[in-house]
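> I'd like to ask some things about the structure below.
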Amino acid sequence: MHREFTLDNEAQTAAIAQLLAAALSNQDVNAQNVCIYLNGDLGAGKTTFSRYLLQSLGHVGSVKSPTYTLVEPYVIDGRDVFHFDLYRLGDPQELEFMGIRDYFEHNSLCLIEWPNKGEGCLPPADIQIDLTLSPDHQDMRVMEWTANSDVGQHIIKMVP
Ligand SMILES: Nc1ncnc2c1ncn2[C@@H]1O[C@H](COP(=O)(O)OP(=O)(O)OP(=O)(O)O)[C@@H](O)[C@H]1O
Ligand SMILES: [Mg+2]
């Protein structure tokens, strides 16, 4: 299943993040492991979207970009949420040394920027998000969602 949204400005990115957060907070989904890949060029808005998503899920406080730490952990309403940015990862194997498997156990939610850098060492995405900059307007983005699993489909279908 595939969905596409045109986001004219950052406020619309915030609004769509809130809708996805509501679906992710649904009790059927809340108890499951969910992995979301975030693809897009530098500055496409992956971190901005993640920040709004984490805040909409209930995180209070700042959201740092995990550019240097590779991963920022959160506990939101008792659920482990991990925000990755693998841009600076030299080799996917490094994820094994980080103990990447532990992050994908339990009922965690993982948001992964630059998942292609970890290819071969990541679980498959339940939802893949592709963000594209618009050549027309500085603040415009196209956001595409592709569900690759049953839980991914279930989540996407819940978004009005
Ligand atoms: N519609 C929009 N949605 C998201 N961000 C927007 C939008 N319009 C403008 N922006 C701005 O674009 C920038 C996106 O930067 P951000 O760090 O989120 O990108 P990124 O995809 O995470 O890049 P990187 O690959 O470097 O991590 C921010 O400065 C944000 O304010
Ligand atoms: Mg980023």
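> Just flag the GluC sites (Glu not before Pro) in the stretch 61-146 sitting in loop per DSSP whose Cβ has no more than 16 other Cβ atoms within 10 Å. Before the final figure, lay out each step's value.
Values: sites: Glu94, Glu96, Glu105, Glu113, Glu119, Glu144; in loops: Glu105, Glu119.
Taking the stretch 61-146 and a limit of 16 other Cβ atoms within 10 Å, the loop GluC sites (Glu not before Pro) found are Glu105, Glu119.
> Specify which residue in the list Tyr37, Pro115, Ala22 is farthest towards the positive end of the charge dipole of the stretch 2-158, using unit charges on the beta carbon of Lys, Arg (+1) and Asp, Glu (-1), about the Cα centre.
Projecting each Cα onto the dipole axis, the largest value belongs to Ala22.
> Still on this structure, I have one more. Given a 1.4 angstrom probe, what's the average accessible area per residue across the chain, in square angstrom?
Numbers: 8040 Å² over 160 residues.
Result: 50 Å² of accessible area for each residue.
> What residues qualify as long-range amide H neighbours of Ser108, i.e. H under 5 Å apart, gap of 5 or more or another chain, H built at 1.01 Å from N?
Those qualifying (amide H under 5 Å, at least 5 residues apart or on another chain) are Val34.
> Tell me the trypsin sites (Lys or Arg not before Pro) within the stretch 80-160 that lie in a loop according to DSSP and have at most 13 other beta-carbon atoms within 10 Å.
Arg88
> Would you work out the charge dipole size for the stretch 2-158 about its Cα centre, treating the Cβ of every Lys and Arg as +1 and the Cβ of every Asp and Glu as -1, and quote it to the nearest 20 debye?
Details: 10 positive and 22 negative charges, 50 e Å.
In total the dipole reaches around 240 debye.
> With a 1.4 Å probe and all protein chains kept in place, how do Asp130, Asp28 rank by accessible area, largest first?
From most accessible down to least: Asp28, Asp130.
> Keeping the other protein chains in place, figure out the carbon and sulfur percent of the accessible area of the chain, with a 1.4 Å probe.
Working: 3770 of 8040 Å².
Using a 1.4 Å probe with all protein chains present, the chain comes out at 47 percent carbon and sulfur.
> OK, next. Whole-Hz ³J(HN,Hα) for each residue in the stretch 74-86, computed from phi via Karplus 6.51 cos²θ - 1.76 cosθ + 1.60 with θ = phi - 60°, x for glycine and proline: what do you get?
9, 10, 10, 6, x, 9, 6, 10, 10, 10, 9, 9, 9
> To the nearest 10 square angstrom, what accessible area does Met98 show with a 1.4 Å probe?
Met98 exposes around 60 Å² with every protein chain in place.
> A further question on this structure: What accessible area, in Å² to the nearest ten, does a 1.4 Å probe give for Thr132?
60
> Still on this structure, I have one more. So, taking all protein chains as they sit and a 1.4 Å probe, how much accessible area belongs to Ser56, in Å² rounded to tens?
50
> What net charge do the residues around Ile127 carry, taking every other residue with its C-beta under 13 Å from that of Ile127, with Lys and Arg at +1 and Asp and Glu at -1? Mind dumping the intermediate values first?
On the way: positive: Arg3, Lys157; negative: Asp126, Asp130, Glu144, Asp150.
Neighbour charge sum, excluding Ile127 itself: -2.
> Which value in Å is the Kirkwood Rh of the stretch 2-158 over different Cα pairs?
Working: mean 1/r = 0.0639 Å⁻¹.
So the Kirkwood estimate lands at 15.6 Å.
> Provide the net charge surrounding Ser62, with neighbours chosen by a C-beta distance below 14 Å and charges set as Lys +1, Arg +1, Asp -1, Glu -1. Please report the intermediate quantities before stating the final value.
On the way: positive: Arg51, Lys64; negative: Glu72.
Local charge sum for Ser62: +1.
The values are calculated or read from the model by the stated rules, or taken from the named source; none is laboratory data. Source: prediction; values computed, not measured. Here the Cβ is made from the backbone with ideal geometry for all residues, glycine too, and neighbour counts use every protein chain on show. When the accessible area is computed, the model is the full protein with side chains, heavy atoms only, and any ligands, DNA or RNA have been set aside. Shrake-Rupley method; radii C 1.70, N 1.55, O 1.52, S 1.80 Å.
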